[in-house]
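Right, one structure below, let's go through it.
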Amino acid sequence: MAATSISAAGGLGSSSFHGSWGSSTLGEDYAALAAKAAPPPAHVRVGGKPVRLQPMMKNVNEGKGVFAPIVVLARNLIGKKQFNQLRGKAIALHSQVITEFCKAIGADAKQRQGLIRLAKKNGEKLGFLA
């Protein structure tokens, strides 16, 4: 007894798939795409010595936003160290206000964390984190 399979296309063993699993619609394979998207090396050699690159953790909206000029001016006036301490205190205070608000309305920890992340994004857009 021979087993046969009939496809929806109406034939035995016919398929509408005419490509390979290793290539995209543009003809690029996964290895080529992965090589293009590879992150830069963590170490660069200069004169035989490896030099570590600085991590890129800066604000994408740096220097932009309504309050950015005021923030930059304040940082230049009071100094970077004292400015960062003041900013940290302001962020902590704002997080406490958000936490108290969440307690008052009965929001859970996940919603609270979402509000804190939203406040950070808004601060970046407005220029508070310039």
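Worth a mention:
- Unsatisfied cross-links (Cα-Cα over 25 Å) in the set LYS81/LYS125; LYS80/LYS110; LYS89/LYS121; LYS64/LYS110: LYS80/LYS110; LYS64/LYS110
- Each label point was placed 7 Å from the Cα along the Cα-to-Cβ direction; for LEU77 and GLN111 their separation is 3.9 nm.
- Shape of the stretch 67-126, Cα gyration tensor, a/c cut at 1.5: prolate
- Exposure of ILE105 as accessible area (Å², to 10), given a probe of 1.4 Å and all protein chains: 100 Å²
- Average accessible surface for the stretch 67-126: 78 Å² per residue, computed with a 1.4 Å probe over protein heavy atoms with every protein chain in place.
- Integer Hz, Karplus 6.51/-1.76/1.60 couplings in order for the stretch 98-114, x for Gly and Pro: 5, 4, 4, 4, 5, 5, 5, 9, x, 7, 7, 5, 5, 5, 4, 4, x
- Within the accessible area of the stretch 67-126 (1.4 Å probe), percent carbon and sulfur: 63 percent
- With the simple model of a label 7 Å out from the Cα in the direction of the Cβ, VAL66 to GLN85 spans 3.1 nm.
The values are calculated or read from the model by the stated rules, or taken from the named source; none is laboratory data. Keep in mind that this is a model prediction, so the values were computed, not measured. All Cβ positions, even for glycine, are placed from backbone atoms using ideal geometry, and neighbour counts span all protein chains on display. Just so you know, the surface numbers come from the protein's heavy atoms only, side chains and all, with ligands and any DNA or RNA stripped out. Shrake-Rupley method; radii C 1.70, N 1.55, O 1.52, S 1.80 Å.
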